[in-house]
1. Can PHE158 be described as away from the ligand (no atom under 13 Å from the Cβ) and modelled with pLDDT under 95?
2. Inspect the stretch 310-319 for any residue being open to solvent by 80 Å² or more (accessible area, probe 1.4 Å) and over 36 Å from the mean Cα position of the chain (by Cα) and give the result as yes or no.
3. What single numbered condition from (1) open to solvent by 20 Å² or more (accessible area, probe 1.4 Å); (2) over 27 Å from LYS117 (Cβ atoms) fails to hold for GLU244?
4. State yes or no: is THR286 out of contact with any Pro (no Cβ under 8 Å at 6 or more places or on another chain), open to solvent by 20 Å² or more (accessible area, probe 1.4 Å) and assigned by TED's automatic domain parsing to the domain that holds ARG196?
5. Where the second residue is surrounded by 13 or more Cβ atoms within 10 Å (Cβ to Cβ) and not acidic (Asp, Glu) and the first is assigned by TED's automatic domain parsing to the domain that holds ARG67 and outside any helix (DSSP H, G or I) and lies in the stretch 24-47, which pairs have Cβ atoms under 9 Å and are six or more apart or on separate chains?
6. Could you tell me whether the stretch 211-227 includes any residue that is away from the ligand (no atom under 16 Å from the Cβ), small (Gly, Ala, Ser), under 26 Å from ARG335 (Cβ atoms) and in contact (Cβ under 8 Å) with a residue 12 or more places away in the chain?
7. Please enumerate the residues belonging to the stretch 113-141 that are part of a helix (DSSP H, G or I) and open to solvent by less than 40 Å² (accessible area, probe 1.4 Å).
8. Condition first: without any contact (Cβ under 8 Å) to a residue 12 or more places away in the chain, assigned to a loop (DSSP other than H, G, I, E, B) and either in contact with a Phe, Trp or Tyr (Cβ under 8 Å, 6 or more places away or on another chain) or of a type in the set (Ser, Thr, Tyr) (or both). Can you find one or more residues in the stretch 72-83 that meet it?
Amino acid sequence: MGMLEEIEKLKEEATASLARIKTPDDVENFRLKFLSRKGSLAQLFEEMKQIPKEEKPAVGKLLNEVRTQLESDFESARQSAESEKKLELSRIDLSVPGRKRYIGRKHPLTQTAEEIKRIFTGIGFGIADGPEIEDDYHNFEALNFPPDHPARDMQDTFFVKYPPAKEGNGTGKYVLRTHTSGVQIRVMENNKPPVRVIMPGRVYRNEAISSRSYCLFHQVEGLYVDKNVSLAELKGTITYFARELFGSGVRLRFRPSFFPFTEPSAEVDVNCFICSGKGCRICKHTGWLEIMGCGMVDPNVFKFVGYDEKEVSGYAFGMGIERITLLKYGIDDIRLFFDNDVRFLNQF
Ligand code: DAH
């Protein structure tokens, strides 16, 4: 076979092989086989040295043409293989399962508080709030806790040394409020009867931290004052509330109790829905769970806020949000609410 034919044959072979190039590997294989220093094209240039002088111009011309052609075709094949590869990498695989996103959820205490608010606003109660740093007057005195009266020992108080400046001197005695009952006073000071509000908020007590008590917790206070408000209305409202919150089958028990700001006073129990009254760890084998304190507003409290105790009467109640949430879910350690362990929180 003459040199010219050999060149034509190489050209055909190389062109066919170029057409098959797809991947960067194909590109490299082609380069090694045809275009590298030891490749077929270089070999032909080597061979050209041996041929008779008169054939050289024609052979050399063809060889150069073929080389130029192959090099430029190779370059475009190389580029398209590369962009093909890039495209491959950026291709979206719609069959890949999505990455799961964990969305946040409301804290169980928030959920209970919202549920309580929903129930009471649904029967005409408004919502009010008051300061967490409270003066002695609102937290105790106007609620009929006389100075130095032992009733103050019912609640372990955090005393605050410096009153907030804008509040002036007041009595000079400030506390982290031990209950939300002080908001009752503020509401009555600022509104004429009738008033019908609930007052949710955070309260503080200087108690040893344990599974049953924490230095802070949350309460919802309730107050209804109008002409002729009766104990029967208090019972009716609380019964309605408990049925909404715990289910229509719940049974209630009003037990006589004492609070300085209500007379008469009661504590409210519901039948233990964990053991349905048989007796268990949560109800301490009594079959009953205490959910709140309540009573008829003491006439002395009306005197403090300037209401005429002969004209109006009212009822009040107060419950702990942690306590109700613990009971609702059968949780046995209050600290879980404050640890913020998502393994706990994710369950609600
Ligand atoms: N303030 C009471 C406490 O923290 C709860 C309470 C009892 C509130 C009776 C009331 C009430 O409004 O009438 O233990």
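1. Values: away from the ligand (no atom under 13 Å from the Cβ): yes; modelled with pLDDT under 95: yes.
Judged against the criteria, PHE158 is a match.
2. Applying the first criterion (open to solvent by 80 Å² or more (accessible area, probe 1.4 Å)) to the stretch 310-319 yields 310-311.
Subsequent filtering for residues that are over 36 Å from the mean Cα position of the chain (by Cα) retains 310-311.
Taking every residue of the stretch 310-319 in turn, at least one turns out to be open to solvent by 80 Å² or more (accessible area, probe 1.4 Å) and over 36 Å from the mean Cα position of the chain (by Cα).
3. Every listed condition holds for GLU244 apart from (2).
4. Working: out of contact with any Pro (no Cβ under 8 Å at 6 or more places or on another chain): yes; open to solvent by 20 Å² or more (accessible area, probe 1.4 Å): yes; assigned by TED's automatic domain parsing to the domain that holds ARG196: yes.
So THR286 fits the description; yes.
5. Close Cβ pairs satisfying both conditions: SER36/ALA42; GLY39/ARG31; GLY39/LYS33.
6. Yes, because at least one residue in the stretch 211-227 is away from the ligand (no atom under 16 Å from the Cβ), small (Gly, Ala, Ser), under 26 Å from ARG335 (Cβ atoms) and in contact (Cβ under 8 Å) with a residue 12 or more places away in the chain.
7. Residues of the stretch 113-141 that are part of a helix (DSSP H, G or I), as a first pass: 113-121, 136-139, 141.
Correct list: ALA113, ILE116, ILE119, PHE120, ASP136, HIS138, ASN139.
8. No: the stretch 72-83 contains no residue that is without any contact (Cβ under 8 Å) to a residue 12 or more places away in the chain, assigned to a loop (DSSP other than H, G, I, E, B) and either in contact with a Phe, Trp or Tyr (Cβ under 8 Å, 6 or more places away or on another chain) or of a type in the set (Ser, Thr, Tyr) (or both).
The values are calculated or read from the model by the stated rules, or taken from the named source; none is laboratory data. On a predicted model such as this, the values are computed, not experimentally measured, just so you know. Cβ coordinates were reconstructed from backbone atoms using ideal geometry, including for glycine residues, and neighbour counts include every protein chain displayed. For accessibility, only protein heavy atoms count, side chains too; no ligands or nucleic acids. Shrake-Rupley method; radii C 1.70, N 1.55, O 1.52, S 1.80 Å.
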